[in-house]
Amino acid sequence: MGVVEQLVERGWLRPGPTAGTYARTEEGRLQIAGPRDVTIYSRPGCHLCEEAKIQLAPLLQECGARLTEINIDEDPHLRALYDYDVPVIFLGARKAAKHRLDPAQFRRQLLDNSR
């Protein structure tokens, strides 16, 4: 089995629109995320999501981290995974929080990942 087939089997790639092309899945993107890459899975109108983004902003700036925001309502797979759990926050490929963010704990995790 080739590398591409293994990545498809793991769910990190999916076949693209034309034969022989592939697209990275969200799981695949997380697997290559760096130690200061923060991903928040959220949805518009979610007050907990907005609260978490406000709490994240100064921590991201302090640690030089990068935020990627993903609207789960735009992807049926992500909606099925996180529908009742938003916000879900990943630090690199590891889930760091869901529902509510503990800023002090997240800051420690972010600083530990930066070393």
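Per-structure values
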{"item": "Only one of Leu67, Leu7 that is under 16 Å from the mean Cα position of the chain (by Cα), aliphatic (A, V, I, L, M) and surrounded by 13 or more Cβ atoms within 10 Å (Cβ to Cβ)", "result": "Leu67"}
{"item": "Hits in the stretch 57-78 (condition: touching a residue at least 40 places away in the same chain (Cβ under 8 Å) and part of a strand (DSSP E or B))", "result": "Ile70"}
{"item": "Tabulated pairs, the stretch 90-115, first in the same structural domain as Cys49 (by TED's automatic domain parsing), second surrounded by 11 or more Cβ atoms within 10 Å (Cβ to Cβ) and among the aromatic types (Phe, Trp, Tyr), C-beta under 7 angstrom, 6+ apart or interchain", "result": "Ala96/Phe90; Ala96/Phe106; Ala97/Phe106"}
{"item": "Residue identified as surrounded by 13 or more Cβ atoms within 10 Å (Cβ to Cβ), over 15 Å from the mean Cα position of the chain (by Cα) and hydrophobic (A, V, I, L, M, F, W, C) among Leu59, Leu78, Leu101, Leu110", "result": "Leu59"}
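The values are calculated or read from the model by the stated rules, or taken from the named source; none is laboratory data. Just so it is clear, the structure is predicted and the values come from calculations on it, not from any experiment. Cβ coordinates were reconstructed from backbone atoms using ideal geometry, including for glycine residues, and neighbour counts include every protein chain displayed.
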